[in-house]
1. Less than 10 Å Cβ to Cβ from Gly227, Lys/Arg counted +1 and Asp/Glu -1: what total charge do the surrounding residues give?
2. So the label point goes 7 Å from the Cα of Lys201 along Cα→C-beta, right? Which residues of segment 127-148 then have their backbone N under 12 Å from it?
3. Give the residue from Tyr312, Thr167, His103 lying farthest towards the positive end of the charge dipole for the chain; charges sit on Cβ (+1 for Lys and Arg, -1 for Asp and Glu) and the dipole is referred to the Cα centre.
4. Mind giving me the FRET efficiency for Ser271 and Met145? R0 is 35 Å, r the Cβ-Cβ distance, nearest 0.05 is fine.
5. Would you give the gap between the C-alpha center of segment 238-257 and the C-alpha center of segment 77-93, rounded to a whole Å?
6. For the pairs Lys62/Lys248; Lys113/Lys277; Lys151/Lys274; Lys90/Lys152, flag any whose C-alpha to C-alpha distance is greater than 31 Å.
7. Could you give the semi-axes, largest first, of the ellipsoid that matches segment 13-315, computed as the square roots of 5 times the alpha carbon gyration tensor eigenvalues and rounded to whole Å?
8. Tell me, Met34, Met145, Met67, Met78 in order of fewest to most beta-carbon neighbours within 10 Å?
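Readers should treat all values here as calculations from the given coordinates under stated rules, not as data from a laboratory. Since the model is a prediction, treat every value here as computed from it, not as a measurement. Cβ placement follows ideal geometry from the backbone for every residue including glycine, while neighbour counts extend to all protein chains displayed.
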Amino acid sequence: MNNKKINIAEADKISIWVLTDNYYDALRPDGRFMTRFRTIPGKYIHAEHGLAYYLETVIDGKTSGCMFDYGLDPNGVMNNIDVLGLDLGKASAFGLSHGHFDHWTAAVSILKKNKSKIAEGTPFYVGEETFLHRYAVRPGGNDLMDIGQLKKEDIENIGLKVIEIKTPTQLIPSAYLTGNIDRITPYEKVPPSLLVKRGDKPEPDDFRGEQALFFVLKGKGLVVLSGCAHAGIVNTVRHAQQVAGIEKVYAILGGFHLINAKPDIIEKTISDIKAIKPDYIAPTHCTGFEATVSFSREMPGEFNLNTAGTNYTFTA
């Protein structure tokens with residue numbers, strides 16, 4: 001690892017709203033640190049194959065907010081923002097984990113709709129290669145599927161300042177983007193079915209610029225939040241530990257990208273996450289059914305099933 005340790009202000013409180021995710025269940029009970037949105041007549045939660053978060057940190061009584069990832073359907077995600085009672089005008093920054101359409105498609109519409117609330121020049125953080133064109137090959141197929149391209153100018157035309165990063169960078173106080181994630185584990189590999197256009201033709205995407213977030217909760221340790229974790233959720237967490245200079249991991253949330261993974265890869269991932277000893281895990285989005293079930297069986301005390309619209313609040 002070549003990242004220097006950074007000094008991070010410890011948060012007294014961290015709140016994470018999962019604005020949308022693949023799954024919603026209005027009848028599941030709340031859990032430790034988590035409150036689910038309850039559907040009532042006229043107010044409901046939209047779920048989709050996408051992921052979006054709104055985040056707040058509190059340090060010495062001062063609250064800072066941001067949005068990280070934006071999902072697919074702008075109407076559905078904005079519905080969720082509204083019914084959850086959130087105000088994007090309070091966001092002092094925006095971030096994007098990577099250039100896949102299920103994380104950015106709704107961004108331009110949502111940001112345009114809230115343009116009058118958002119200060120001109122508010123930063124929009126991305127990792128390198130976010131704005132390249134991407135493709136995929138479905139399992140068992142050979143046809144190249146165009147999965148789109150986010151345009152930098154579309155974000156800039158809203159009035160946001162696009163900032164590309166490669167090293168750990170503060171998004172809001174106590175919330176840091178990872179920078180480029182070091183690859184350590186021998187088994188966390190990007191599927192060859194995911195491609196990016198560099199130059200004249202698509203080639204395998206290594207997601208060199210994919211970002212995750214990490215926070216430091218006072219007296220408790222690290223909270224790590226991933227988008228898809230194409231770099232590997234174990235690599236992502238270990239990278240956060242190294243950069244923050246903190247061994248203790250309190251919570252791991254987000255996509256673990258184990259969808260369609262072979263059983264031995266799921267087993268190795270769970271074994272390494274167990275060794276990290278988080279108090280709390282909540283896999284989302286692209287973790288996949290088999291891996292989610294395996295985590296629930298192997299780590300029942302730490303595991304919580306995420307549903308779209310859930311708020312996680314961690315306090316010191």
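1. After counting each charged neighbour, the total is -3.
2. none
3. The residue sitting farthest along the positive end of the dipole is Tyr312.
4. The pair Ser271/Met145 has a calculated efficiency of 0.55.
5. 26
6. Beyond 31 Å: Lys113/Lys277; Lys151/Lys274.
7. For segment 13-315, the semi-axes come out at 25, 24, 20 Å.
8. Ascending Cβ contact count within 10 Å gives the list Met145, Met78, Met34, Met67.
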